[in-house]
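Colleague: One structure, as structure tokens, below. Some questions next.
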Amino acid sequence: MKTRKRMGYSFAGALALAVVTMGTASSQEVKSAVKYGDMNTVTQDLLNRAESDGNNFLLTNGDYWQRRYYPNTQINTANVARLHPAWIFQTEVKESLETSPLIINGVMYVTTSFSHVYALNARTGEELWHYKHKLGPVTTFCCGPNNRGVAAYGDMVYLATLDSKLVALDSKTGNVVWTADVADPELGYSETMAPTAVNGKILIGTNGGEYGIRGFLRAYDAKTGKLLWNFNTIPENSVGVWAEKDATGRDMHRDIAAEKAQLAKSGDPFKTLGGGVWQNPAVDLETNRIYFMVGNPSPDLDGSVRPGDNLYTDSLVSLDLNTGQYVCHFQYIAHDIWDLDAVSPAVITTVTGKDGKPTKGVIHAGKTGHVYVHDAKDCSLIRFSEAMVPQENMWTLPTKDGARMLPGANGGVEWSPMATNPVLGLAYAINLHQPMTYHVANAPYPQGKLWLGGAFKVIPSEEQWGNVTAVDYNTGKIRWQVKTPQPMIGGVLATAGGLVFTGEGNGLFKAYDAETGSTLWKFQAGAGVNAPPSSYTVDGKQYIVVGAGGNVQLDYKRGNAIIAFTVD
Amino acid sequence: MLAAALFLLAQVFPLHAQSIEEKAATCGACHGEAGIPQEKTTPIIWGQQEGYLYLQLRDFKRGMRKNQKMSPIAEALEREDMLALAAFFAKKSWPSLEQPSASKDVATRALTAISSVGCTGCHLDQFQGDASVPRLAGQSREYLAKTIADFRTRERANNPGMSDLMNATSQDDLATITEYLAGR
């Protein structure tokens, strides 16, 4: 038994784990490490090795490359049929759950809608502490009061809140250590993403692409909350190269002459151009770069008031981690007027390059329904996959009365992170098929209020569905695809046990064979399983954990359960 | 007439010299002493979301939202008053106007239209709203109809996004939505 004795913090609630405490300890002192590992703090070294850590789940998307490939094989294709709930924890908040659970040395951190954080005993589901952020009166969010999780670093966990604050909590007690004001919610800013912790920095983006914000990605000092650097996702010159075709070579029907005339009249629209960042950046510590996706321009559907390519909306962007300086970008859709932007997080992995050789690549599942594969060196596009969902009438311009186009505005893939299996060379994405009409209307910048420039409407008479799709990122071909009865939103986890886990709006949580897509196991959770699963191991036993809270955006049945599964 | 009288009242008792209860009492003349508005086209503000109440007062003062009765009231308020009034009314409990539930047919049609635009994406599951998004469930039918119409014409100009969504929805669907929401 290794013990690292640390004084001066309390591990509220964990005291119930009497076995953990030593006889002489004061009521304030708990040696949480004894039973569940020998680390009390999350070191940079631990995070660097997340990829091969079969005990913890340390980062939102598994590791810094965001592969969501869990290395433990204890739960595998041979025994997954015996998977069953080990425990179910019910949160106080019955509203959409998008959390990515982190598990560190037997302690699980989950978040709920309205910016709550829970620390749970990962073995029993017992609550250790609960932090309920007191939200200010004004919060401005587009798609539900969601939260996607915390980051862990040192002795703290970090939460970004709906009222646009970054809060550092003592990971042992849930007490607030510091709070930083990120941006003004009255101007349309909000936070729903999980931060990323790396090299003493806490990286965070912003929501607000529906409210005429000017987006950013920022680094705060992990210890003090001081702003270290800020990168505006919208540069002062946002005009670009007047691209007429999208990344796949299709004509976007831009009226460049009209845009140029508007530019001469109103100038560069950069101050209110949107460009939110929905998901964690992928971090490449070998080159000290980060890669992330920038969302849609504001207003979503009315391009007439924002001439130019609207850089860097709808783009992959890479920055220097130390300075926040621009490195490279790739724009998928210039001057987007369909909200088919870039939201699912970037994944770094080795791919077949342009020259046929193994190359460090960045992959992204676009709302267009393609998986895009880039060269990490210069962000350039190596290939894009076959479309995972039906595409029709692309790119039809929105009209006053509505023009039908597929995919609908929730895209072929939403914010849902992909998982990958580097051994099979596959990326797993979940898809939506939702036929919609796109409507355009004109209104001036409304000072932080909803600014859509029109509307997207589901066509009620048309069938909707979803897919789970395995894409070979070395060829762009679809390896297998499984249809689901409803559009999919949430996220995917792959494991070295040959499995792929993902959930559905109807409450089903399923395990698929990573190679063939056959369904090996399913469980009815009673509420939509629309959150990314995680995995971890305590006391030598592997678990799969996922939130079942439904989804606001697609109106899937709400719930409040965090469910951990195991085989035994 | 009434507006003029109240405006006078506001001048006689400068708002900043009053306690929050006194300030709130002036609102009761129209929004109701017990939260039930005097007129059907005046909205319930008791139990409404705090952020939303504040933003409306702010917008009336800024002139982004205009109303003969409300605008002069808001003009006399400072930001602190608005925040305090919003917090005060948000804590009250929402009164029942005892409006009848929509028939099954109307409800079905309303829910189809609601899911087409995704109204619950912002107003949430039970139309209770949150923070800056208003509660709609049980709001006065006549007021809902009026403000929806004002969104459509952009007479209510303080949320162009809502105007766009209302314009993308047919008048008939909006009528069923109004009835459905009022009866919830």
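The values are calculated or read from the model by the stated rules, or taken from the named source; none is laboratory data. Computed from a prediction, not measured in an experiment: that's the story for all the values here. All Cβ positions, glycine included, derive from the backbone under ideal geometry; neighbour counts span all protein chains shown. Please note that ligands, DNA and RNA were not included when accessible areas were found on the heavy atoms of the full protein model with its side chains. Shrake-Rupley method; radii C 1.70, N 1.55, O 1.52, S 1.80 Å.
Colleague: Could you rank the peptides A:400-408, A:190-198 by their average count of other C-beta atoms within 10 Å per residue, with the highest value first?
Modeller: By packing density, highest mean first, the sequence is A:190-198, A:400-408.
Colleague: On a 26 Å Cα-Cα criterion, which of the cross-link pairs B:40/B:66; B:40/B:91; A:165/B:23 come out too long?
Modeller: Cα-Cα > 26 Å for A:165/B:23; rest within.
Colleague: Just to confirm, what accessible area per residue do you get for the protein assembly as shown at 1.4 Å probe, in whole Å²?
Modeller: Per residue, the protein assembly as shown has an accessible area of 35 Å².
Colleague: Ranked highest first by the average count of other Cβ atoms within 10 Å around their residues, in what order do A:476-484, B:40-48 fall?
Modeller: Put in order of decreasing packing, that is B:40-48, A:476-484.
Colleague: Tell me, what is the percent relative contact order of chain A, built from C-alpha pairs under 8 Å that lie six or more residues apart?
Modeller: For chain A, the relative contact order is 14 percent.
Colleague: Is the shape of the stretch A:391-437 best called rounded, prolate or oblate, per the rule: a/c under 1.5 gives rounded, else a/b larger than b/c gives prolate, else oblate, with a ≥ b ≥ c the square roots of the Cα gyration tensor eigenvalues?
Modeller: In terms of gyration-tensor shape, prolate.
Colleague: Stokes-Einstein diffusion coefficient for the stretch A:151-247 at 4 °C in a medium of 1.567 mPa s, Rh from the Kirkwood formula over Cα pairs: what value in µm²/s?
Modeller: 90 µm²/s
Colleague: Skipping prolines and chain starts, which residues have an amide H placed within reach, meaning under 5 Å, of the one on residue B:140, given they are 5 or more residues away or on another chain?
Modeller: The answer is B:44.
Colleague: Here is a further query. Quick one: Karplus J couplings for the stretch A:148-161, per residue in order, coefficients 6.51, -1.76, 1.60, θ = phi - 60°, nearest Hz, x for Gly and Pro?
Modeller: Per residue, the Karplus-derived 3J(HN,Hα) values read 9, x, 9, 10, 10, 7, x, 9, 10, 10, 10, 10, 9, 9 Hz.
Colleague: Taking 28 Å as the cut-off for C-alpha to C-alpha distance, list the pairs among A:223/A:377; A:367/A:400; A:449/A:510 that go past it.
Modeller: The pairs that break the limit, which is 28 Å between Cα atoms, are A:223/A:377; A:449/A:510.
Colleague: Any idea how far the Cα center of the stretch A:266-304 sits from the one of the stretch A:515-568, in Å?
Modeller: Cα centroid to Cα centroid, the span is 30 Å.
Colleague: For chain A, just run the numbers: alpha carbon Rg, then divide by 2.2 N^0.38 Å, N being how many residues it has.
Modeller: Compactness ratio reported: 0.92.
Colleague: Moving to a separate point now. Counting only protein heavy atoms, what percent of the accessible surface of the protein assembly as shown is carbon or sulfur at a 1.4 Å probe?
Modeller: 53 percent
Colleague: Cα to Cα, under 19 Å, and not fewer than 8 places away if on the same chain: which aspartates and glutamates meet these conditions relative to residue A:226?
Modeller: A:155, A:163, A:170, A:181, A:184, A:191, A:320
Colleague: Please turn the phi angles of the stretch A:308-316 into ³J(HN,Hα) values with the Karplus equation 6.51 cos²θ - 1.76 cosθ + 1.60 (θ = phi - 60°), one per residue in order, whole Hz, x for glycine and proline.
Modeller: So the J values, rounded to whole Hz, are x, 6, 6, 4, 9, 5, 6, 9, 8.
Colleague: Beyond 16 Å, what percent of the Cα pairs of the stretch B:18-113 remain?
Modeller: Here the long-distance tail beyond 16 Å is 60 percent of all Cα pairs in the stretch B:18-113.
Colleague: To one decimal place, what Kirkwood hydrodynamic radius in Å is obtained for the stretch B:104-184 from all pairs of distinct Cα atoms?
Modeller: Taking the inverse mean of 1/r over all distinct Cα pairs, the stretch B:104-184 comes out at 12.6 Å.
Colleague: Pull up the cross-link candidates among the aspartates and glutamates for residue B:104, meaning alpha carbon to alpha carbon under 19 Å and not fewer than 8 places away within one chain.
Modeller: B:125, B:172, B:173, B:179
Colleague: In debye, nearest 20: dipole of the stretch B:104-182 around its Cα centre with unit charges on the Cβ of K, R (+) and D, E (-)?
Modeller: 100 debye
Colleague: Against the longest alpha carbon principal axis of chain A, how many degrees, from 0 to 90 and to the nearest 10, is the axis of helix A:256-266 turned?
Modeller: On a 0 to 90 degree scale, this one is about 80.
Colleague: If the cut-off is 19 Å between C-alpha atoms, which lysines fall inside it for residue A:94, apart from same-chain ones fewer than 8 positions away?
Modeller: Within reach: A:132, A:134, A:557.
Colleague: Each residue of the stretch A:421-435 in turn: what ³J(HN,Hα) in whole Hz from Karplus with 6.51, -1.76, 1.60 and θ = phi - 60°, glycine and Pro shown as x?
Modeller: Once θ is set to phi - 60°, the couplings for the stretch A:421-435 become 10, x, 6, 8, x, 10, 10, 10, 10, 10, 10, 10, 10, 9, x Hz.
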